[in-house]
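Quick notes on the structure that follows.
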Amino acid sequence: MIEMLEIDKLKFSYDDKNTIIDEINLAINQQEFTAIIGPNGSGKSTLLKNISNLFTPDSGVIYLDSKNLNQIPPRKLAQKMSVVPQDTSISFNFTVYDIVMMGRHPYQGRWGQVQDQDREKVEEALALTDTRQFRDRDLNSLSGGERQRVIIARALAQDPEILLLDEPTSSLDINYQREIFDLLAYLNQEKNLTILVVSHDLNLSSQYCSRLILINRGRIFAGGSPAEVLTEENIGQVYQTEVKVRQNYLTGRPYVVLMPGRAECVPTRLQQDFKIHLISGGGTGQELLQEFYERNYHISCGVLNQGDSDWELARRLGCEIVDIAPFSYIEESDLKRNREKIEEADLVVVSELPFGHGNLKNLEQLTGFSDKKIFLLQERSIAERDYTGGQAEKLWQQLIERPETRVFNDRQEMLEEIAGRASSP
Amino acid sequence: MQIKYKYLIVILGTLAAVIVSFILALVHGSTDIPVRTVIQALFSAEGDLARYAIIIRRIRLPRIALSFLVGSGLALAGVVFQGVIRNPMVDPYIVGISAGAGTAVTFAIVYNLSFSLFYFSTIPLFAFVGALLTVMLVYNLARVGSKIPVMTFLLAGVATAFMLDAVRSFVMVLGTQDLQRVVFWLMGSLSGSSWADITMILPYYLLGLLPIIFFANDLNLILMGEESAHHLGLNVEKVKKLLIAGATLVTAAVVAVSGSIGFIGLVVPHIARLLIGPDHRKLLPLAAVLGGVFLMLSDMLARSLLPPLEIPVGIITALVGGPYFIYLLRRRKSESW
């Protein structure tokens with residue numbers, strides 16, 4: 001086995017704070033077909049960009065044929081290594097032939113004079129990738145899979161020893177995915193090309209590549225044959241998700257099966273069914289509204305004056321609001337609308353709002369419900385908030401004495417209690 | 001074979017256009033001179049011809065040559081900027097060149113800084129220096145480490161142009177008595193041009209042309225995307241910088257003598273690309289010639305439409321180029337250029 005590429009203690013970060021590659025050591029032998037796999041943000045694409053000299057490592061060295069890759073002149077490097085980048089869109093109308101011919105750039109003179117050898121190599125690359133029929137077509141008139149093959153043809157026209165590909169099938173349908181990987185396997189076996197592909201597709205990599213490198217958080221988590229790397233334990237740890245690994249009996253390679261989760265997040269979504277009617281005003285309901293909203297409860301708001309800061313927030317959060325004109329008093333018709341909301345609600349919450357003659361009816365109305373669950377928040381005593389000469393305090397006491405009322409002196413405690421009720425059926 | 005045939009037609013057609021528009025531009029003007037007289041006057045200044053010889057040789061010929069130079073320069077710079085930035089909506093002024101030149105010229109006119117140095121008016125000098133300083137500023141604003149990300153470059157250019165235009169407007173408000181001269185310059189005009197103008201800008205123009213010619217093929221690779229170009233063995237940052245420098249120099253030289261003539265740098269590259277495709281080795285020469293012809297004809301119209309009044313040629317190019325550009329846009333079917 002002859003070593004093609006050696007990565008020695010590679011470190012890389014975009015800025016000083018976030019290390020993307022945290023020491024990677026790796027050797028790739030000639031004629032290997034290797035896939036670098038790993039979750040999003042694990043550093044696999046960044047690793048490829050270091051190997052292709054697009055980025056210069058912070059420390060460590062990459063050797064290509066025992067030479068420091070960063071010191072190889074760009075043209076010389078392009079003669080040995082070609083790269084199929086992730087984004088291959090080209091917004092100018094070049095023909096397929098022109099584009100593949102650009103692969104000959106590292107061998108051509110200043111103005112791209114075409115020699116016989118260039119023509120031969122381009123024809124060969126077109127034939128290998130089965131793109132001859134598109135020769136004079138514009139690249140943009142081709143389908144995604146066809147376009148990807150043209151870009152691979154361009155890479156082959158560079159006559160490389162090693163071919164790097166960054167997510168070559170990420171946006172393709174499965175028929176094209178197969179087509180591309182079949183082509184790569186053919187190039188690897190018949191043309192002795194060393195291939196290194198970055199992919200997030202575990203199963204494609206497993207079926208085609210002889211070696212997998214699993215990267216996690218800028219380090220190699222596991223490396224070796226697909227059977228060695230793709231274990232339930234490895235994937236469980238790196239991707240933090242439960243999978244089953246089976247064997248493809250036709251190829252003998254492992255394949256990963258996703259297990260539909262028991263999904264802990266689903267009940268939160270169902271909490272939309274838990275209805276809270278909030279009586280507040282003057283900004284005392286803001287924190288509660290925010291909390292209820294984030295916990296996905298269904299919120300309606302008790303009689304509020306338009307323009308009140310609680311009213312503003314409730315409106316922004318899309319809550320149902322029973323509202324009246326600014327500074328006006330609560331009328332019988334408003335109470336009727338409010339009653340409907342209270343009856344629908346699973347729970348009524350009263351914030352520590354100050355009471356005046358304008359909104360006293362809110363409190364009065366609540367005393368009329370005998371078996372409704374009511375939570376009163378009372379971090380500040382009612383006496384401090386009573387501007388009705390004792391009437392509000394009296395009603396408040398009346399409410400406290402109801403069997404279905406609970407009083408909380410601590411906001412957090414109340415929120416926890418609500419959360420408990422919301423999640424129990 | 002069909003492709004070769006197409007190139008031949010384009011080349012012959014362009015050649016014919018150059019000759020015809022050259023003759024038309026010599027013939028028409030504030031007074032029309034018959035073709036026969038024009039040709040005679042080119043070769044002899046005897047007797048009756050003396051008067052025409054002066055008009056033809058000293059006034060029209062330098063002006064035609066300059067209009068060709070300016071038009072081709074703007075078109076070339078347009079092609080280069082569109083290529084480097086990989087966006088066909090870009091024109092040579094995008095990086096603040098015209099704003100910089102305009103502001104400098106406004107200062108010079110309003111504060112009477114213009115005087116004659118040897119034979120030259122200093123106005124073009126101010127325009128040139130203003131343009132170069134602005135691009136240098138934009139370039140440094142856009143720089144991240146040793147790289148010039150294309151989007152940042154573009155945005156820095158647009159922002160700088162806005163600020164400079166504000167400064168210019170402010171200076172114009174202060175110097176109302178000179179408003180007409182400033183406005184005339186801003187509209188772009190070739191009136192009063194002489195051979196001296198040409199010799200003045202030619203060195204910069206040619207210097208700017210060098211990298212454009214030298215890296216014409218590399219510009220094709222850049223169209224593949226900067227990453228791809230890198231993988232194909234191109235030192236992208238170096239080539240990009242030199243191309244921007246070249247196109248800037250050409251534009252600055254041109255702006256110095258013509259003011260900011262709009263639309264050529266945007267429209268002509270499109271027309272050329274439509275005719276011959278995106279390969280810069282063919283596109284650049286064709287765009288240069290078409291740009292030259294376009295401005296030559298526009299300037300002819302500017303001189304002869306309302307004699308003795310001369311219309312600023314920028315108005316003509318925009319009025320002719322604008323509708324044609326919109327026509328192209330409406331006709332376009334695919335997403336690519």
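The values are calculated or read from the model by the stated rules, or taken from the named source; none is laboratory data. It should be emphasised that the depicted structure is a prediction, and the values quoted were computed from it without experimental measurement. Ideal geometry is used to build each Cβ from the backbone, glycine not excepted, and the neighbour counts take in all protein chains shown. What goes into the accessible areas is simple: the full protein's heavy atoms, side chains included, and nothing from ligands, DNA or RNA. Shrake-Rupley method; radii C 1.70, N 1.55, O 1.52, S 1.80 Å.
Accessible surface of B:F325, taken over heavy atoms with a 1.4 Å probe and every protein chain present, rounds to 20 Å². Among rounded, prolate and oblate, which fits chain B when a ≥ b ≥ c are the square roots of the eigenvalues of its C-alpha gyration tensor, a/c under 1.5 means rounded, and a/b larger than b/c means prolate? Oblate, since a/c reaches 1.5 and b/c is not below a/b.
Annotation: aspartates and glutamates with alpha-carbon distance below 18 angstrom to B:K6 (same-chain offsets under eight excluded): A:D98, A:D136, A:D138, B:D279.
In terms of the Cα gyration tensor, with a ≥ b ≥ c the square roots of its eigenvalues, is region A:127-260 rounded because a/c is under 1.5, prolate because a/b exceeds b/c, or oblate? The partial results should precede the final answer.
Working: a/c = 2.16, a/b = 1.88, b/c = 1.15.
Verdict is prolate for region A:127-260.
Dipole orientation for region B:1-148: of the candidates B:G145, B:G47, B:I97, B:G145 has the Cα lying most toward the positive pole (charges on Cβ; Lys, Arg +1; Asp, Glu -1). Across region A:405-422, coupling constants 3J(HN,Hα) worked out from phi with the 6.51/-1.76/1.60 Karplus curve, θ = phi - 60°, read 9, 10, 10, 10, 9, 9, 4, 4, 4, 5, 4, 5, 4, 5, 4, x, 5, 5 Hz, and Gly and Pro carry x. Across peptide B:218-224, the average count of Cβ atoms from other chains found within 10 Å of a residue's Cβ is 5.
Work out the P(r) tail for region B:150-222: percent of alpha carbon pairs separated by more than 22 Å, whole number. Let's see the in-between values first.
Working: 1510 of 2628 pairs.
Within region B:150-222, distances greater than 22 Å cover 57 percent of Cα pairs.
Think of the protein assembly as shown as a dipole: +1 on every Lys or Arg Cβ, -1 on every Asp or Glu Cβ, centred on the Cα centre; then among A:T34, A:A78, B:S258, B:S258 lies furthest on the positive end.
Percent of Cα pairs in region B:1-104 per distance bin of 10 Å, from zero to the largest separation: 13, 27, 26, 22, 11, 1.
Could you put A:T231, A:T56 in order of accessible surface area, largest first, with the 1.4 Å probe and the full protein assembly present? Intermediate results must be reported in sequence, preceding the final value.
Numbers: A:T231 45, A:T56 90 Å².
Accessible-area ranking of A:T231, A:T56, largest first: A:T56, A:T231.
Computed with a 1.4 Å probe over protein heavy atoms only, the accessible area of A:L77 comes to about 10 Å².
The heavy atoms of A:E161 offer some 70 square angstrom of accessible surface to a 1.4 angstrom probe.
Each Cα pair under 8 Å and six or more residues apart adds its sequence gap; the mean of these over the residue count of region A:117-236 is a relative contact order of 18 percent.
How big is the dipole moment of chain A about its Cα centre under a simple scheme where the beta carbon of each Lys and Arg is +1, that of each Asp and Glu is -1, and everything else is neutral? Debye, nearest 20, please.
On the way: 47 positive and 64 negative charges, 235 e Å.
The calculation lands at about 1120 debye.
The phi torsions of region B:313-329, fed into the Karplus equation with coefficients 6.51, -1.76 and 1.60 and a -60° offset, translate into couplings of 5, x, 5, 5, 4, 5, 5, 7, x, x, x, 5, 5, 5, 4, 4, 4 Hz, rounded to whole numbers, with Gly and Pro shown as x.
Using a simple charge model, +1 on the beta-carbon of Lys and Arg, -1 on the beta-carbon of Asp and Glu, nothing else, what dipole does region B:15-93 show about its Cα centre, in debye to the nearest 20? Don't skip to the answer; put the middle values down first.
Working: 7 positive and 4 negative charges, 19 e Å.
My answer is approximately 100 debye.
Put A:T131, B:T31 in order of accessible area, highest first, and with a 1.4 Å probe you get B:T31, A:T131. Considering all different alpha carbon pairs of the protein assembly as shown, the Kirkwood hydrodynamic radius works out to 32.4 Å. So what does log10 I(q)/I(0) come out to for region A:271-398 at q = 0.19 Å⁻¹, using the Debye formula with one equal point on every Cα and no solvent? The calculated log intensity ratios at q = 0.19 Å⁻¹ are -1.06.
Using a Cα-Cα cut-off of under 16 Å, which lysines could be cross-linked to A:K373, ignoring same-chain neighbours fewer than 8 residues away? Within reach: A:K275, A:K341.
So what is the diffusion coefficient of region A:297-362 in µm² per second by Stokes-Einstein at 4 °C and 1.567 mPa s, using a Kirkwood Rh over Cα pairs?
Values: Rh = 12.2 Å.
For these conditions, the coefficient is 106 µm²/s.
From its DSSP helices (H runs of at least four residues, each -39,500 (n - 2.57)), chain A gives a residue-normalised ellipticity at 222 nm of -10500 deg cm²/dmol. Entry note, region A:336-384: relative contact order of 52 percent, from Cα contacts under 8 Å with a spacing of 6+ residues.
Cross-link check: pairs A:K372/A:K394; A:K17/B:K240; A:K9/A:K44; A:K191/B:K238 evaluated at a Cα-Cα cut-off of 26 Å; pairs beyond the cut-off: A:K17/B:K240; A:K191/B:K238.
Computed on chain B, with alpha-carbon pairs under 8 angstrom and 6+ residues apart, the relative contact order is 29 percent. When the residues B:V90, A:V245 are ordered by accessible surface, computed with a 1.4 Å probe over the protein chains alone, the sequence from largest down reads A:V245, B:V90.
The equivalent ellipsoid that matches the C-alpha gyration tensor of chain A spans semi-axes of 68, 24, 20 angstrom, in descending order. Converting the Cα gyration tensor eigenvalues of region B:152-276 into ellipsoid dimensions via √(5λ) gives semi-axes, longest first, of 33, 19, 14 Å. Straight-line cross-link partners of B:K241 among the lysines, defined as a Cα under 21 Å from its Cα and at least 8 positions apart when in the same chain: B:K147.
Please work out whether region A:84-140 counts as rounded, prolate or oblate from its C-alpha gyration tensor, where a ≥ b ≥ c are the square roots of the eigenvalues and a/c under 1.5 means rounded, while otherwise a/b larger than b/c means prolate and anything else oblate?
Numbers: a/c = 1.69, a/b = 1.25, b/c = 1.35.
Because a/c hits 1.5 or more and a/b fails to exceed b/c, region A:84-140 counts as oblate.
Name the residue farthest towards the positive end of the dipole of chain A from the options A:I400, A:T169, A:L317, assuming +1 on Cβ of Lys and Arg, -1 on Cβ of Asp and Glu, about the Cα centre. With unit charges placed on the Cβ atoms, the residue in question is A:T169.
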